[in-house]
Amino acid sequence: GNPILDRAAANGVALEMQGAVAVVRLCRPAKRNALNDGLIEALRDVFQNLPTEAGAAVIHGEGDHFCAGLDLSELKERDAGEGIHHSRGWHVALNAVEQGRVPVVAALHGAVVGGGLELASASHIRVADESTFYALPEGTRGIFVGGGGSVRVPKLIGAARMTDMMLTGRVYNAQDGERVGFAQYLVPTGSALPKAIELAARIATNAPLTNFALMHALPRIAEQPADHGFFTEALISSIAQSAPEAKARVRAFLEGKAAKVQKS
Ligand code: 1HE
């Protein structure tokens with residue numbers, strides 16, 4: 001139906017709606033979902049053109065691995081100028097994931113390496129199964145991250161751990177990855193995708209302004225001086241509160257009609 005989404009599917013990124021959840025799949029399993037230029041453009045196009053009925057999205061990879069990172073076969077002949085534009089193209093695509101219309105949950109399994117880890121880091125929540133492993137082989141390949149990893153990965157695990165990964169080639173397994181902050185959920189092998197869809201379906205029921213505030217205000221506040229952060233927080237919280245939907249949800253709680261917070 002939609003020519004942009006049809007082209008993305010032909011380039012290896014498929015979109016399927018499951019209720020209000022947009023399920024985005026990297027489908028280049030023979031190359032371990034390595035990200036060539038076509039795939040990066042397809043990712044950008046899909047996240048810039050999510051159907052309006054989508055309230056949240058999930059991203060996952062077909063086959064045994066989430067994503068093997070940059071397609072190294074494309075790196076051969078690029079000069080410095082082309083390299084800058086290539087990296088900027090990744091930034092646009094991964095910004096479309098991070099700063100799009102809806103929160104994105106990444107379902108991780110197998111290799112989450114190099115550019116694959118950069119993509120996972122652009123998502124809002126990461127659910128990893130026990131087969132997941134994380135690495136930044138850029139260091140040992142004589143290159144550097146170029147897909148926003150130097151900005152986003154330290155926010156998850158800290159600059160010291162990222163430096164170690166790149167200098168020594170250290171690989172984190174699923175348990176250690178959850179412990180250091182790559183993933184927010186660790187689930188049995190094979191169940192990352194259903195868990196991610198379950199979380200996304202729940203996220204899609206939130207008030208849209210709450211999701212907007214979390215995606216767009218929280219990361220900006222994190223980079224503001226405290227005084228600016230408090231001010232931005234006051235603005236965004238008052239805007240969220242003033243929505244009719246927020247009033248209805250608070251009223252429902254006060255009338256005993258909404259769920260209490262349950263001890264987990
Ligand atoms: C690839 C790529 C790739 C696989 N580019 N072709 N990323 C890396 O340095 C990771 C490189 N890949 C691997 O270490 C392994 O392939 C995996 C651990 C991910 C998976 O292992 P395995 O045994 O399941 O698969 P395989 O046999 O190694 O790979 C299957 C095929 O995929 C094979 O091609 P074939 O034609 O011989 O079948 C591989 O060559 C191919 N393949 N990964 C190209 N990455 C914006 S800057 C970001 C910078 C980076 O991301 S650098 C890190 C790149």
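Just so you know, all these numbers are worked out from the coordinates, no wet-lab data involved. The shown structure was predicted, so the numbers you read here are calculated from the model rather than taken from an experiment. Note that each Cβ is placed from the backbone with ideal geometry, even for glycine, and that neighbours are counted across all protein chains shown.
Charged side chains reduced to their Cβ positions (Lys and Arg at +1, Asp and Glu at -1) give the stretch 208-254 a dipole of some 280 debye around its Cα centre.
Normalise the Debye intensity by I(0) for the stretch 208-254, one equal point scatterer per Cα, no solvent, then take log10 at q = 0.29 Å⁻¹ and round to two decimals. Reported log10 I(q)/I(0), two decimals: -1.00. Seen against the Cα atoms of the chain and their longest principal axis, helix 226-242 is set at about 60 degrees. Under 30 Å Cα-Cα from residue 155, which lysines qualify once same-chain neighbours fewer than 8 residues away are excluded? Of all the lysines, those that pass the test against residue 155 - Cα under 30 Å, at least 8 places apart if same chain - are 31, 195, 263.
Percent of Cα pairs in the chain per distance bin of 5 Å, from zero to the largest separation: 1, 6, 12, 16, 18, 17, 12, 9, 5, 2, 1, 0, 0, 0. What is the antiparallel percent of DSSP beta bridges lying wholly in the chain, to the nearest 5? Once the DSSP bridges in the chain are tallied, antiparallel ones form about 30 percent.
Give me 123, 131, 237 ranked fewest to most by other Cβ atoms within 10 Å of their Cβ, as a rough exposure proxy.
237, 131, 123
With a Förster radius of 35 Å applied to the C-beta separation of residue 155 and residue 237, the computed FRET efficiency comes to 0.95.
Packing around the peptides 194-202, 55-63, taken as the average count of other Cβ atoms within 10 Å per residue, puts them in this order, highest first: 55-63, 194-202. Could you please report the charge total around residue 38, scoring K, R as +1 and D, E as -1 over all other residues with beta-carbon less than 14 angstrom from its beta-carbon? Around residue 38, the charge tally is -2.
Taking a sphere under 12 Å around the Cβ of residue 218 and counting the other residues whose Cβ falls inside, with K and R at +1 and D and E at -1, yields a net charge of -1. The C-alpha atoms of the chain define a longest principal axis, and helix 192-203 lies at about 30 degrees to it. Farthest toward the dipole's positive end in the chain, which of 211, 124, 180, given Cβ charges of +1 (Lys, Arg) and -1 (Asp, Glu) about the Cα centre? Going by the charge dipole, the pick is 211. Under the criterion of Cα pairs below 8 Å and six or more residues apart, the relative contact order for the chain equals 16 percent.
Put a plus charge on the Cβ of each Lys and Arg, a minus charge on the Cβ of each Asp and Glu, and nothing anywhere else: the dipole of the chain about its Cα centre is then about 720 debye. Sequence-ordered 3J(HN,Hα) estimates for the stretch 113-130 from the Karplus curve with 6.51, -1.76 and 1.60 and θ = phi - 60° stand at 10, x, x, x, 6, 5, 5, 4, 6, 7, 7, 8, 9, 10, 10, 10, 8, 5 Hz, glycine and proline given as x.
How large is the dipole of the stretch 174-252 about the Cα centre if only Lys and Arg carry +1 and Asp and Glu carry -1, each at its Cβ, rounded to the nearest 20 debye?
The dipole of the stretch 174-252 has a size of about 360 debye.
If R₀ is 35 angstrom, what is the calculated FRET efficiency for the pair residue 77 and residue 6, using the beta carbon separation as r and rounding to 0.05? Calculated value: 0.70.
A cut-off under 12 angstrom between Cβ atoms defines the neighbours of residue 185, and their net charge, with Lys, Arg +1 and Asp, Glu -1, is -2. Sparsely packed loop sites in the stretch 216-264 (the trypsin sites (Lys or Arg not before Pro) outside DSSP H, G, I, E and B with at most 15 other Cβ atoms within 10 Å) comprise 257, 260, 263.
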